[in-house]
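Undergrad: Sharing a structure here in structure tokens format.
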Amino acid sequence: MLHLNSSRSISNPSDPDAQLTANNGEYLVNISLGTPPFPIVAIADTGSDIIWTQCKPCTDCYKQDAPLFDPKSSSSYRTVSCSSNACNSLQSEGSSCSSDGSVCEYQVSYGDQSHTQGDVAAETLTLESKTGNPVALPKTVIGCGHDNAGTFSPKGSGIVGLGGGPASLVSQLGSSIGGKFSYCMVPYAAAKPTSTMNFGTNAVVSGNVQGSSIGGSGNIIIDSGTTLTLVPTDFFSQLSDAVETQVTGGTKTSDPEGFFSLCYVPDSSLKLPPVTAHFKGADVVLTSDNIFIQVNDKVVCLAFYANDQLSIYGNVAQQNFLIGYDLPKQTLSFKPTDCTNT
């Protein structure tokens, strides 16, 4: 029987890390799956609790640029039984049993109507490290997706869940990283589009840091996998009006796509105000680059959107901050940083 192991030891004493790359509204993380290691590029998503990739055979898969992962080519791939703890841990991800009762299956739908469905498996996941020595994580619980569709970019092969659920990458790394990880998201248009996600002791955020609690009665999800910041309609209206009164220069215009409500044609005179996000224990000052997004060569728009179902702190608001998670302490740290230099 396969068990989720939150106190696992890793095959290399080095703390693991992974390259993070900006890509058209999302951030992609580099990992490897299988034996021998097969490179995977997937969305880094703090709002998700499962690791999955598109797999052969694909009954209905979205187009991806890289080759599909083939479980038959890996000597370490094993499907998971329906009675295993690993299968039970994915009940919130829609785990079920195959028609013949032999294999645990999963099904996940996302807020934008994208979905993934396939087999739950145990597989060796490999990360890089600062020493250059790969860090192998045997029997990592993953989803092997055979039916995946929606708004996924062809540059990505799936999702690496970094949330608090038992099957997320952070939870499966467990005590080997002390419940700590950090990332620094470069702006989408940066000349150097990559940075590093760190796990363990290298994930400590020090210096001029703003810290907040992530436990208890929080009212917003910190989500690296969502581009915009979503807030309730009433709050959005107040924010939009307040920002508009502070903007000087430029020319107000409409969004060419009809999606955003507050947009400008920038020029040398355009000055956009900062916005302060008030968290429990911290005030985080967002610059104009965190609150406006470039929608085309000529237009920038407020990177907030009205949504009464769920409040989400999106990745535009997180750009150029070193953001550290300490799960045992239930704290989240923000440090203004030039992420292109990390």
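No lab work stands behind these numbers, since they all come straight from the coordinates. Since we're looking at a predicted model, the values are computed, not measured. Neighbour counts run over all protein chains shown; Cβ positions are idealised from the backbone, glycine included.
Undergrad: Output ³J(HN,Hα) for the stretch 157-171: one whole-Hz value per residue in order, computed from phi by the Karplus curve 6.51 cos²θ - 1.76 cosθ + 1.60 with θ = phi - 60°, and x for Gly and Pro.
TA: 9, x, 9, 9, x, 10, x, x, x, x, 9, 5, 4, 4, 5
Undergrad: Another question, if that's okay. Sequence-distant or interchain residues sharing an amide H contact under 5 Å with Leu322, placed H: which?
TA: Placed amide hydrogens put Lys335, Thr337 under 5 Å from Leu322.
Undergrad: Which aspartates and glutamates, on any chain, are close to Lys180 with Cα under 20 Å apart, when same-chain ones fewer than 8 places away are left out?
TA: Counting by Cα, and skipping residues close in sequence, Lys180 has these aspartates and glutamates nearby: Asp15, Asp17, Asp45, Asp49, Glu128, Asp223, Asp326.
Undergrad: Using the basic label-point model (7 angstrom from Cα toward the beta carbon), what is the Ser261 to Val295 distance in nanometres?
TA: So the label points at Ser261 and Val295 sit 1.3 nm apart.
Undergrad: Please list, ordered by chain and number, the residues whose modelled amide H lies under 5 Å from the amide H of Phe279; skip anything fewer than 5 residues away on the same chain.
TA: The list, which skips near neighbours in sequence, is Val284.
Undergrad: Full-extension gain between Asn88 and His278, please, as 0.36 nm times their residue separation minus the C-alpha to C-alpha distance.
TA: Residue separation times 0.36 nm, minus the Cα-Cα distance, leaves 64.7 nm.
Undergrad: Taking amide hydrogens as modeled 1.01 Å from N in the peptide plane, which residues meet the under 5 Å criterion relative to Glu105, leaving out close sequence neighbours?
TA: Here Ser96, Cys97, Ser98, Val120 satisfy the definition.
Undergrad: Length gain on complete extension for the stretch Ala191 to Arg78, per 0.36 nm per residue less the alpha carbon to alpha carbon distance?
TA: So the chain would gain 36.6 nm between Ala191 and Arg78.
Undergrad: I need Asp119, Asp255 ordered by Cβ neighbour count within 10 Å, fewest first.
TA: Asp255, Asp119
Undergrad: Quick check on the chain: what does the Kirkwood estimate of hydrodynamic radius come out to from the alpha carbon pairs, in Å?
TA: 20.9 Å
Undergrad: What size of dipole, in debye to the nearest 20, comes out for the stretch 210-341 about its Cα centre when the only charges are +1 on Lys and Arg C-beta atoms and -1 on Asp and Glu C-beta atoms?
TA: Values: 6 positive and 13 negative charges, 64 e Å.
That gives a dipole near 300 debye.
Undergrad: Distance check, please: which entries in Lys252/Lys280; Lys130/Lys335; Lys72/Lys155; Lys192/Lys271 exceed 28 angstrom between their Cα atoms?
TA: Lys252/Lys280
Undergrad: For the charge dipole of the chain, defined by +1 on Lys and Arg C-beta atoms and -1 on Asp and Glu C-beta atoms about the Cα centroid, which residue among Leu33, Leu162, Tyr110 has the Cα displaced farthest towards the positive pole?
TA: Of the options given, the answer is Leu33.
Undergrad: Using a 7 Å offset from the Cα along the Cα-to-Cβ direction at both Ala306 and Asn24, what is the distance between the two label points in nm, to one decimal?
TA: Using points 7 Å along Cα→Cβ, the separation is 2.9 nm.
Undergrad: Could you give each residue of the stretch 261-270 its phi-based ³J(HN,Hα) in whole Hz, using Karplus coefficients 6.51, -1.76, 1.60 with θ = phi - 60°, and x for Gly or Pro?
TA: In residue order, the calculated couplings are 9, 10, 9, 9, 8, x, 9, 5, 8, 5 Hz.
Undergrad: A further question follows. Return the single residue from His146, His278, His115 with maximal mean-square fluctuation; model: Gaussian network over the chain, springs between Cα atoms under 10 Å.
TA: Highest fluctuation among the options: His278.
Undergrad: Once the Cα atoms of the stretch 16-202 are picked out, what are the Rg and Dmax in Å?
TA: So, for the stretch 16-202, Rg and Dmax equal 15.6, 52 Å respectively.
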